[in-house]
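Right, one structure below, let's go through it.
The values are calculated or read from the model by the stated rules, or taken from the named source; none is laboratory data. Because the structure is a prediction, the values reported are computed rather than measured. So basically every Cβ, Gly included, is an ideal-geometry build from the backbone, and we count neighbours across all protein chains shown.
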Amino acid sequence: MKPIKYFIFIVFLSLQACSSLTLKPADFSWPIESVLEVSKDGFVKEDRHSLFFDTKNMFLEETEDSSAYMNKEIRIIRDAKGYYYITSNNFNNVYVFNVYDGELCLENKIEITETGISKPAFNQRPPYIELVEGSNKHLLSNDGIKSED
């Protein structure tokens, strides 16, 4: 009978060691978007949120032009789940990124228009991110555009 008790005790300890600490609920959202100028080297920096990354590959993906980032600015906002939503004037898409191992990794590319977004702006509309382009408004999640119910 004692070997069974020891076995159960060891299994219990093993399961405890595998569990991770979870702090929830957590809200990662930013109250308003950040508008960041892209440097001549393709980088943006946001001191308020300690954010710094290279935009060149995103502009290349969007425009197929390796120098398209020059003299541009991006619009970025973060939702409650921690996803970053990024777009720029005349982009067709909103890019949704998540953080993995110190990198922003593309989670979703949401097509908004085929003719380019004119003067985009982001707002928080929990649980969504609202993209405003003129009189058009789109509610976004990391999965895509919220369908009208």
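Residues are listed down the side, and each one gets a yes or a no for (1) hydrophobic (A, V, I, L, M, F, W, C); (2) under 23 Å from residue 131 (Cα atoms); (3) modelled with pLDDT under 85:
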{"position": "2", "(1), (2), (3)": "no, no, yes"}
{"position": "10", "(1), (2), (3)": "yes, no, yes"}
{"position": "13", "(1), (2), (3)": "yes, no, yes"}
{"position": "16", "(1), (2), (3)": "no, no, yes"}
{"position": "30", "(1), (2), (3)": "yes, yes, no"}
{"position": "33", "(1), (2), (3)": "no, yes, no"}
{"position": "49", "(1), (2), (3)": "no, yes, no"}
{"position": "60", "(1), (2), (3)": "yes, yes, no"}
{"position": "64", "(1), (2), (3)": "no, no, no"}
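Which is assigned to a strand (DSSP E or B) and either under 16 Å from residue 132 (Cα atoms) or touching a Lys or Arg at 6+ places or on another chain (Cβ under 6 Å) (or both), of 94, 44, 99?
Checking each option against the conditions leaves just 94.
Identify, please: which residue in segment 93-146 is of a type in the set (Phe, Trp, Tyr) and under 17 Å from residue 28 (Cα atoms) and is, among those, nearest to the chain's Cα centre (by Cα)?
97
Working only within segment 66-85, note down all residues that are outside any strand (DSSP E or B) and either out of contact with any Leu (no Cβ under 6 Å at 6 or more places or on another chain) or touching a residue at least 12 places away in the same chain (Cβ under 8 Å) (or both).
Matches in segment 66-85: 67, 68, 69, 70, 71, 72, 79, 80, 81, 82, 83.
Can you give me the number of residues within segment 47-65 that are over 23 Å from residue 92 (Cα atoms) and assigned to a loop (DSSP other than H, G, I, E, B)?
4
If you go through segment 120-142, how many residues are closer than 19 Å to residue 74 by Cβ and at pLDDT 95 or above?
12
Checking residue 100 against (1) over 23 Å from residue 40 (Cβ atoms); (2) surrounded by 12 or more Cβ atoms within 10 Å (Cβ to Cβ); (3) of a type in the set (Phe, Trp, Tyr), which single condition isn't satisfied?
Checking residue 100 against (1) over 23 Å from residue 40 (Cβ atoms); (2) surrounded by 12 or more Cβ atoms within 10 Å (Cβ to Cβ); (3) of a type in the set (Phe, Trp, Tyr), the one that fails is (2).
So which residues in segment 86-122 are hydrophobic (A, V, I, L, M, F, W, C) and either closer than 18 Å to residue 51 by Cα or in contact (Cβ under 8 Å) with a residue 40 or more places away in the chain (or both)?
86, 94, 96, 97, 99, 104, 105, 106, 121, 122
Taking the conditions exactly as written (under 22 Å from residue 46 (Cα atoms) and surrounded by fewer than 17 Cβ atoms within 10 Å (Cβ to Cβ)), does residue 139 satisfy them or not?
Answer is no for this residue.
Can you tell me which residues in segment 32-80 are touching a Gly at 6+ places or on another chain (Cβ under 7 Å) and either aromatic (Phe, Trp, Tyr) or loosely packed, with under 14 Cβ neighbours inside 10 Å (or both)?
Of everything in segment 32-80, just one residue is touching a Gly at 6+ places or on another chain (Cβ under 7 Å) and either aromatic (Phe, Trp, Tyr) or loosely packed, with under 14 Cβ neighbours inside 10 Å (or both), namely 69.
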